[in-house]
1. Is it the case that some residue within the range B:407-423 is free of Cβ contacts under 8 Å to residues at least 12 places away in the same chain and buried (at least 22 other Cβ atoms within 10 Å of the Cβ)?
2. Inside the range B:149-168, can you point out the residues that are within 10 Å of chain A (Cβ to nearest Cβ) and modelled with pLDDT of 85 or more?
3. Checking the structure you have, find out if any residue of the range B:264-280 is assigned to a loop (DSSP other than H, G, I, E, B), modelled with pLDDT under 80 and small (G, A, S).
4. Within the bounds of the range A:75-85, is there any residue that is among the small types (G, A, S), touching a helix residue (DSSP H, G or I) at 6+ places or on another chain (Cβ under 8 Å), surrounded by 19 or more Cβ atoms within 10 Å (Cβ to Cβ) and under 20 Å from B:R389 (Cα atoms)?
5. With the condition being of a type in the set (D, E, K, R) and under 24 Å from B:S12 (Cα atoms), I'd like the helices (runs of 4 or more DSSP H) fully within the range B:327-378 carrying at least 1 qualifying residues.
6. So A:F96 fits all but one of (1) in contact with a His (Cβ under 8 Å, 6 or more places away or on another chain); (2) closer than 26 Å to B:M172 by Cα; what number is the exception?
7. Quick one: B:I33 ticks every box in (1) hydrophobic (A, V, I, L, M, F, W, C); (2) modelled with pLDDT under 85; (3) under 19 Å from B:L319 (Cα atoms) bar one, so which box is it?
8. Quick one: in the range B:281-298, which of the residues that are charged (D, E, K, R) and not in a helix (DSSP H, G or I) is surrounded by the fewest Cβ atoms within 10 Å (Cβ to Cβ)?
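The values are calculated or read from the model by the stated rules, or taken from the named source; none is laboratory data. The shown structure was predicted, so the numbers you read here are calculated from the model rather than taken from an experiment. FYI the Cβ positions are ideal-geometry reconstructions off the backbone, even for glycines, and counts take in every protein chain you see.
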Amino acid sequence: MNIRLSSDFLTGLLFCGLGAVAIIIGSDYPVGTTSRMGAGYFPLVVSSGLILLGGVLLVRSMVSETQEVGEVDVRPLVVLLGGVLAFGFLIEDWGFPVAGLAVVVASRIAGRDLKPWLETALLAVGLVIFCTALFSYGLGLNLPHTRFW
Amino acid sequence: MELFNDLLLGFSVALTPMNLAYGFLGVLLGTIIGVLPGLGPVATISILLPVTFALPAPAALIMLAGIYYGAQYGGSTTAILVNLPGESSSVVTAIDGYQMARKGQAGLALATAALCSFIAGTLATIVIAVAAPALAEVALDFGPADYFSLMLFGLVAAVILAHGSIVKAIGMILVGILLGTIGIDANTSVERFTFGIPSFGDGIDFAVIAMGMFGIGETISNLGGSEQGRTFVKEVKNLWPRWADIKRFIKPALRGTALGGCLGLLPGGGPVLASFSTYALEKKLSKTPGEFGKGAIEGVAGPEAANNAAAQTAFIPMLTLGLPSSAVMALMIGALMMQGLSPGPQLMNQRPDLFWGLIASMWLGNLMLVILNLPLVGIWVKLLSVPYRMLYPAIMLFCCIGVYSIHNNALDVVLAAIFGGFGFLAKKLHCEPAPLLLGFILGPMIEETLRRALLISHGDPTVFVTRPISLSFLVLTFLLLIVLVAPMIRVTRQRAFEESTD
């Protein structure tokens with residue numbers, strides 16, 4: 001996917017958006033006074049600064065020529081993050097071995113290296129066994145066991 | 001004499017078999033990951049951070065410091081042999097180091113890098129041992145207003161280091177500060193930005209952000225790029241330098257140590273700036289500047305000494321003021337806080353064993369590096385031939401295990417994925433992730449000192465300019481801002497970083 005928008009413009013939008021969201025969520029927090037600041041004072045100052053900077057970037061992207069975002073490879077972004085998310089969702093109910101296999105296989109898909117199959121399978125199984133031995137038994141981390149064995 | 005006793009205490013801590021073993025493990029792991037291109041010290045430390053939680057504080061810190069200079073040094077090996085800088089401060093080493101390797105002097109280049117790093121490391125350790133206690137003494141007089149101005153100075157100085165746009169770097173700092181406000185406000189017990197999720201009450205763990213943005217985010221960008229064919233020099237012979245070589249590199253090494261040591265102290269200075277400036281200096285001082293870029297030994301010696309010296313003196317503001325001068329130091333502070341210790345001037349008095357043990361371990365770590373890297377260089381050459389497609393699945397798995405094991409909380413893994421996506425997005429938008437991490441670490445401290453300073457002064461903001469320490473930091477900050485926007489400097493800064501990103 002090739003994004004031909006200016007990166008300054010998008011960053012400006014991002015900063016303004018984040019600042020605005022923070023101000024809206026934080027509107028309930030008591031602001032207090034300068035000598036006795038409430039919980040809302042500091043976040044308000046920081047978010048306003050963020051919106052200001054976002055504004056500067058937006059203006060700059062309109063008056064001068066800036067860099068485009070360029071080529072974005074969607075596949076590793078989606079699949080790799082999917083793999084990490086799968087780990088998060090699988091680890092507690094299905095145990096570490098299943099979650100670990102999912103991450104390794106998803107990573108190989110993300111990098112377009114699923115084939116050769118045998119290599120992927122061996123790598124996945126080998127890494128899970130290695131990590132179980134190293135982290136669970138070696139370093140005593142509490143990784144959930146799988147239900148299957 | 002007191003210094004001697006302190007150092008003795010330090011060595012008695014660092015030389016216990018357990019700490020020695022963890023230090024060695026750290027240096028070894030750091031070197032292994034540092035040698036592999038694509039992962040720098042920040043990513044390495046963030047991935048291995050959870051492993052150190054279970055250790056006692058001195059062992060944890062000694063191991064992390066070992067990982068740091070291991071990764072730093074491992075990057076140079078890759079730079080020399082493959083012309084692929086393992087991390088940004090070895091970009092300069094790659095220029096002349098790789099050319100030396102192509103001329104059949106790979107062994108000499110590696111030995112020069114190792115020995116110069118060792119010289120610099122030894123001298124920098126002495127500087128830390130002498131300067132840190134003195135600075136900590138001064139820092140005890142700091143009030144909240146002074147700390148506030150100091151941290152402001154630190155953040156502005158950090159912007160210098162960021163590649164590209166200054167506005168974006170400051171923006172990333174502010175995003176980091178905002179992320180740092182998540183959790184229950186310590187003063188008023190109001191829940192801020194917790195979205196009703198109980199585990200957000202303590203705030204987001206910084207290891208989650210670091211691992212997401214550096215570990216996961218960077219892997220995504222690496223996979224996006226096309227696989228480059230790597231051509232590397234496999235022949236490494238004539239490891240030991242001759243006397244004539246030593247005579248050639250000793251002076252650049254000493255100059256590099258001095259310059260790097262000073263730049264490392266500056267917040268935002270760090271190894272990258274140090275190695276670039278030293279390279280420029282050596283080129284200027286050389287009688288044969290034409291040799292630079294074609295395999296000049298001075299072009300390896302100076303920058304290598306400088307980045308190692310800077311990497312070490314960066315510990316001074318971290319240990320004495322609690323001020324991180326780089327993303328790595330921010331991670332170190334995070335590690336200290338997770339151990340229940342607050343970095344700052346009190347640290348040295350409260351935990352002299354930790355403080356001096358760490359300093360002693362720095363020197364031992366540098367010694368281990370020389371031993372690890374010269375006789376064992378063959379192993380690293382082999383490691384370089386492991387294809388990337390075998391590595392990144394392992395990196396992802398380690399990231400997941402690392403994040404999960406912080407609190408045994410699956411929600412942290414989901415968060416890390418979100419920050420991974422954000423890190424990738426930021427990279428695509430030409431925003432650096434390092435300033436965000438600094439903002440995240442410093443944010444809560446800035447808010448706390450700001451509130452306390454204004455509470456003490458009854459809301460009078462002039463407290464920041466009437467206290468001399470605070471005023472001087474504000475003046476320095478102001479000067480830095482002027483320097484940042486001055487057009488001439490902007491051009492050279494851009495040029496330096498364009499070279500570094502090529």
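1. Among the residues of the range B:407-423, not one is free of Cβ contacts under 8 Å to residues at least 12 places away in the same chain and buried (at least 22 other Cβ atoms within 10 Å of the Cβ), which makes the answer no.
2. B:V167, B:K168
3. yes
4. Taking every residue of the range A:75-85 in turn, at least one turns out to be among the small types (G, A, S), touching a helix residue (DSSP H, G or I) at 6+ places or on another chain (Cβ under 8 Å), surrounded by 19 or more Cβ atoms within 10 Å (Cβ to Cβ) and under 20 Å from B:R389 (Cα atoms).
5. Here the list reads B:352-373.
6. So A:F96 meets the others, but not (2).
7. (3)
8. So, considering only residues that are charged (D, E, K, R) and not in a helix (DSSP H, G or I), the one surrounded by the fewest Cβ atoms within 10 Å (Cβ to Cβ) is B:K287.
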